[in-house]
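The structure under discussion appears below in the form of structure tokens.
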Amino acid sequence: MALTARGARLTRQHRQEQLSIRARFLQELLRLFGLLDPARLDATTEPWLTAMVPLLRQHWQRSAAASAAYLALFLEAETGRPAPEPRLPRFTPERARAAQTSLLVTGPVKIRNLTQAGQPLASAVRVAQSTVAGAAGRHVLDGGRAVLLDPEPLDRSGVRYARVTDPDPCWFCAMMASRGYVYLSEESGGREASDRFAGPGMFKFHDYCGCTLEPTLDPDAPLPEDNARFADLWVTATRGLHTDAARRAFRRALEGRPLPGDPILAAA
Ligand SMILES: [Zn+2]
């Protein structure tokens, strides 16, 4: 948790605000999905992308602005001193290209691959709608993450981050959050952890992920509430276990069900 009650409240509000920005974006995304005619992908992919990328950029900028406002207020609350105004990152041509590639792969390419594999068109479209939403939502929330991971105005050498999850995170994000304020390198942020975690920067965020970050200047600060809950769960669920066995036990405890290949199933 932040050092101050106000800091902790600001982190909670910030998480909520980022999820609202994504929710509003997804409403628009669903509306624009109608531009993509699954029966005429060749003709309609380009107009769909032309409408989607500016929409994504607009919400990326909203996400960035929300995180900049949060960061300034948070640092002020935590340090008792006025904080410098965070820099707003630019939605660069590289970001636009990366977003466009994601949209293409999770949308039209997905529909084509699924139907070629024999899936009925209507169900392929439903799947693609979900994969596009997952990927595009990640790009939108990356706006805020870019602000929080910018070394300015924080002196990065003294700063650690905790992963702040959405209310229903996947087990991997919960595990990352359970580690508290420990992340200082790209490796410890999950870069090596899984192919599903994409994008530049210190932390990896996967499609559908609603996580954001809380910085701290004090590595001994108490953990945010959810992080503390995940940390307790990690301790109780993985006692005596290591590496993959510990991860499996944590996942089983979090999801409340056995997993395929789980030693508990094999023993039953
Ligand atoms: Zn997540």
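The values are calculated or read from the model by the stated rules, or taken from the named source; none is laboratory data. Only a predicted model underlies this, so the values are computations on that prediction, with no experimental measurement involved. Here the Cβ is made from the backbone with ideal geometry for all residues, glycine too, and neighbour counts use every protein chain on show. With ligands, DNA and RNA removed, areas are computed over all heavy atoms of the protein, side chains included. Shrake-Rupley method; radii C 1.70, N 1.55, O 1.52, S 1.80 Å.
For segment 83-129, what are Rg and Dmax over the alpha carbons, in angstrom?
Values for segment 83-129 (Cα only, Rg and Dmax): 17.0, 57 Å.
How much of the accessible area of segment 5-237, in percent, comes from carbon and sulfur atoms when a 1.4 Å probe is used?
53 percent
Could I have the simple spin-label model distance between Val109 and Ala65, label points 7 Å from Cα toward Cβ, reported in nm to one decimal?
For Val109 paired with Ala65, the spin-label model returns 3.2 nm.
Give me the accessible area per residue for segment 5-237, probe 1.4 Å, as a whole number in Å².
47 Å²
For segment 47-59, what does the Karplus curve 6.51 cos²θ - 1.76 cosθ + 1.60, with θ = phi - 60°, yield as ³J(HN,Hα) per residue in whole Hz, taken in order and with x for Gly and Pro?
x, 5, 5, 4, 7, 6, 4, x, 4, 5, 4, 4, 7
Tell me, what is the percent relative contact order of segment 5-237, built from C-alpha pairs under 8 Å that lie six or more residues apart?
21 percent
Output needed: percent of Cα pairs per 5 Å distance bin for segment 5-237, bins running from 0 to the one holding the longest distance.
P(r) over segment 5-237, rounded to whole percents: 1, 7, 14, 18, 18, 15, 11, 8, 5, 3, 1, 0, 0.
Would you mind putting 131-143, 53-65, 29-41 in packing order, based on average other-beta-carbon counts within 10 Å, highest first?
131-143, 53-65, 29-41
So, R0 is 41 Å and r is the distance between the beta-carbons of Ala228 and Glu94; what FRET efficiency does that work out to, to 0.05?
Working from the Cβ atoms, E equals 0.65.
Length gain on complete extension for the stretch Arg40 to Arg87, per 0.36 nm per residue less the alpha carbon to alpha carbon distance?
12.7 nm
Of the peptides 106-118, 9-21, how do they stack up when ordered by the mean number of other Cβ atoms within 10 Å, highest first?
Top to bottom by mean Cβ count within 10 Å: 9-21, 106-118.
Leaving ligands, DNA and RNA out of it, rank His206, His242 by accessible area with a 1.4 Å probe, largest first.
Result of the area sort, largest leading: His242, His206.
How large is the charge dipole for segment 5-237, taken about the Cα centre, if only the Cβ atoms of Lys, Arg (+1) and Asp, Glu (-1) carry charge, to the nearest 20 debye?
In total the dipole reaches around 560 debye.
Can you give me the distance in nm between label points at Val235 and Gln27, each placed 7 Å from the Cα along the Cα-to-Cβ direction?
4.3 nm
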